[in-house]
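Okay, structure first, notes after.
Every number in this text was worked out from the coordinates using simple rules, so none of it is lab data. Predicted model, so just to flag it, every value in this text is computed and none were measured. Ideal geometry is used to build each Cβ from the backbone, glycine not excepted, and the neighbour counts take in all protein chains shown.
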C-alpha cells in the first residue's frame, strides 16, 4: 500500500479503518450493569488525594516511556554501531520476541488458577 499510495495515504487509511472498527465495536458492546445489578462508581475522586496513587502512576508512566524509548531506539543504535538496517530490525524483533516469551512463561506462575 505504501508503494502504491504513499506513506501519508497509508497512515490516513489505517486511521480511518481503526476509527471505523473501534466505533463499531464500541456500539456493539452492551452494558451489563443493569442485568447483574452492579453499582459502579466510575471514578473515585478521593484517589487523587492519595500520595501512593500519584507515586504509582508516576512509576508506571516513566517505566512505559523508558520501555518505548528502548524499543524505538534499538534499531537506530544498532545501525550506529555498524549493523545494517535489516540486522537492526532483526535485533528489535528478537527483543520483542523475548518480551513475549517472558510474558508467556511468567503468566502461569503469577496466576496459577487462570483467573
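Worth pointing out:
- Residue count for the range 1-50, restricted to those that are out of contact with any helix residue (DSSP H, G or I) (no Cβ under 6 Å at 6 or more places or on another chain) and not in a loop (DSSP other than H, G, I, E, B): 32.
- Long-range neighbours under 9 Å by Cβ, at least six apart or interchain, first residue on the phi < 0 side of the Ramachandran plot and without any contact (Cβ under 8 Å) to a residue 24 or more places away in the chain within the range 90-111, second surrounded by 10 or more Cβ atoms within 10 Å (Cβ to Cβ) and not in a helix (DSSP H, G or I): 90/83; 91/83
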